[in-house]
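Asks: What follows is a structure written as structure tokens; I'll ask about it next.
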Amino acid sequence: MARFKYKARDGRGELVTGVLNATSVEDVGRLLQTDGKFVVQIEKAKDEVKRDQPVAAGSGKIRRHEVITFAHQLAVMVDTGVPISEALECVAQQSENEAFRAVLKDISDQVQAGNDLSSALKSHPKVFPTVMTSLVRASEVSGTMGKMLDRVSGYLSKEMQTAKKIRGALTYPAFMLAMVVTVTTFLLIFVLPKFAGIYQARETALPLPTQLLMGVSDNLMTHWSLWLGGIIMSVAGLYFAAGTPSGMRFFDYVKLHAPIIGSLFNKLYLTRSCRTMGTMVSAGVPILDMIEIVREVTSNVLYEDLWNDADNRLRQGSQLSDSLFDSPLIPRSVAQMVYSGERSGRIGDVMERIAEYTENDFDEQIKTTTSLIEPIMTAAMGGIIGFVAIALLLPIFSVGKVVSGG
């Protein structure tokens, strides 16, 4: 609900003004007409207009762990009988982040003005994820606010841990790749030219590996601007291509089918989907609303296609398991468990069990991927740098002839 300022004329024709809480301008008009008033003007109150605008934009970054702490603190206060408006004010005062404090103050003002907590949270979509606002909305209907906020805290904590695991699994290979590029470039630009001067001065016949490296080094030194421009244009091209529908689909396909890391991303999206479904179904969120939210959290076009298909089939009377069985993205064991839950009428419990199963499978996949990536990257780095070193050292075996001119 929102606050609306109105001007109207009563039964005697006198102009009256006031403020009403309602969901829309039309509702305010109906309320005034029911009260025997003739509407002159209706507009949102100034604080509501201000509230529609971004709060504390650019004044600081709000991190996910702050949202998790907020949900947990609010859950404890609500469970102990503290009114929601007082709990919001208390949490806002305790926040050390100025930007987050401003957001919480705005939410508190909205709740005190008569708005639902879910509506207030929804007005800040960059801070509070859709899953959170949907679960809070479900709790407002069922009257389980404290329990649901605690569930939100747990869900967001698991999501944050999952993101940390993914970053941890990909940080090492990214670091190793950066080291390979840096060391190789340094050798080609600063080390190899010094050797080249010695060999060229003596007109020595160089081994093929050394000739190849010297050719690359000379090309880098002579045409460095073309190399730099090519790299910048390639990066910019990939960036803009990733923003197009076809480019996004291509990169999402590569994510799921790339060697080694493809399985990791598959398990990541499956875990997110099952965790979200388990949380939403157990909270009593309608299944179509659940599918819409799951589609948002997977962040992959191919998985979005799956959930779009599931949405269409559900609207036509099919079951969720039908789409899962037909999709190559979902393991048959998971689809079978969903089917069993639908038949037994215990889909909520089953989805939570599936979420636990996929999370454990995801953890194992991270360990497997890490154990494969480390030796591969070490071997690749050793091979590249070793090749450069050997190419530099091969002519040194005949250094006596080079120096003597023989």
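Asks: Asp349: modelled with pLDDT of 90 or more and either farther than 19 Å from Phe265 by Cα or in the same structural domain as Leu270 (by TED's automatic domain parsing) (or both), yes or no?
Replies: No.
Asks: Are any residues in the stretch 79-122 in a loop (DSSP other than H, G, I, E, B) and in contact with a helix residue (DSSP H, G or I) (Cβ under 7 Å, 6 or more places away or on another chain), and if so, which ones?
Replies: Matches in the stretch 79-122: Ser95, Asn97, Asp116.
Asks: Looking at the stretch 330-341, which of the residues that are surrounded by 15 or more Cβ atoms within 10 Å (Cβ to Cβ) and not hydroxyl-bearing (Ser, Thr, Tyr) is farthest from the chain's Cα centre (by Cα)?
Replies: It comes out as Gly341.
Asks: Output yes when any residue across the stretch 245-261 is among the polar types (S, T, N, Q), out of contact with any Leu (no Cβ under 7 Å at 6 or more places or on another chain) and either more than 24 Å from Asn312 (Cα to Cα) or modelled with pLDDT under 85 (or both), and no when none is.
Replies: Scanning the stretch 245-261 turns up no residue that is among the polar types (S, T, N, Q), out of contact with any Leu (no Cβ under 7 Å at 6 or more places or on another chain) and either more than 24 Å from Asn312 (Cα to Cα) or modelled with pLDDT under 85 (or both).
Asks: Is the stretch 284-306 home to any residue that is farther than 30 Å from Pro245 by Cβ and over 19 Å from the mean Cα position of the chain (by Cα)?
Replies: yes
Asks: For Ile166, are the conditions met, namely being aliphatic (A, V, I, L, M), within 19 Å of Met381 (Cβ to Cβ) and within 22 Å of the chain's Cα centre (by Cα)?
Replies: In short, no.
Asks: Would you say Asp252 is of a type in the set (Asp, Glu), on the phi < 0 side of the Ramachandran plot, surrounded by 15 or more Cβ atoms within 10 Å (Cβ to Cβ) and in the same structural domain as Val338 (by TED's automatic domain parsing)?
Replies: When the stated conditions are applied, Asp252 passes them.
Asks: So in the stretch 126-145, with the set limited to residues that are in contact with a Leu (Cβ under 9 Å, 6 or more places away or on another chain) and aliphatic (A, V, I, L, M), which one is modelled with the highest pLDDT?
Replies: The qualifying residue modelled with the highest pLDDT is Val127.
Asks: Here's something else I'd like to know. Scan the stretch 196-207 and tell me whether some residue there is modelled with pLDDT of 85 or more and either out of contact with any Pro (no Cβ under 6 Å at 6 or more places or on another chain) or in the same structural domain as Glu359 (by TED's automatic domain parsing) (or both).
Replies: The answer is no, given that none of the residues of the stretch 196-207 is modelled with pLDDT of 85 or more and either out of contact with any Pro (no Cβ under 6 Å at 6 or more places or on another chain) or in the same structural domain as Glu359 (by TED's automatic domain parsing) (or both).
Asks: Among (1) closer than 27 Å to Val294 by Cβ; (2) at pLDDT below 85; (3) of a type outside the set (Phe, Trp, Tyr), where does Arg343 come up short?
Replies: With respect to (1) closer than 27 Å to Val294 by Cβ; (2) at pLDDT below 85; (3) of a type outside the set (Phe, Trp, Tyr), Arg343 is out only on (2).
Asks: Continuing with this model, one more query. Looking only at the stretch 233-248, decide whether some residue is aliphatic (A, V, I, L, M) and farther than 30 Å from Tyr303 by Cα.
Replies: Yes, the stretch 233-248 has at least one match.
Asks: Right, here's the next one. Pull up the stretch 345-395, narrow it to residues that are within 30 Å of Arg275 (Cα to Cα) and among the small types (Gly, Ala, Ser), then point me to the one that is nearest to the chain's Cα centre (by Cα).
Replies: Ala355
Yes/no per residue for (1) under 23 Å from Met160 (Cβ atoms); (2) of a type in the set (Val, Ile, Thr); (3) over 36 Å from the mean Cα position of the chain (by Cα); (4) at pLDDT 85 or above:
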| position | (1), (2), (3), (4) |
| --- | --- |
| Gly36 | no, no, yes, no |
| Val39 | no, yes, yes, no |
| Ala71 | yes, no, no, yes |
| Val103 | yes, yes, no, yes |
| Gln112 | no, no, no, no |
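Asks: Among the residues in the stretch 173-190, are any in contact (Cβ under 8 Å) with a residue 40 or more places away in the chain, surrounded by fewer than 15 Cβ atoms within 10 Å (Cβ to Cβ) and more than 30 Å from His223 (Cα to Cα)?
Replies: Looking for residues that are in contact (Cβ under 8 Å) with a residue 40 or more places away in the chain, surrounded by fewer than 15 Cβ atoms within 10 Å (Cβ to Cβ) and more than 30 Å from His223 (Cα to Cα), one finds none in the stretch 173-190, hence no.
Asks: Looking at the stretch 123-137 only, could you name the residues that are closer than 14 Å to Val67 by Cβ and not in a loop (DSSP other than H, G, I, E, B)?
Replies: Thr130, Val131, Met132, Thr133, Leu135, Val136
The values are calculated or read from the model by the stated rules, or taken from the named source; none is laboratory data. All values derive from a computational prediction rather than experimental measurement. With ideal geometry, Cβ positions are generated from the backbone for all residues, glycine too; neighbour counts draw on all protein chains shown.
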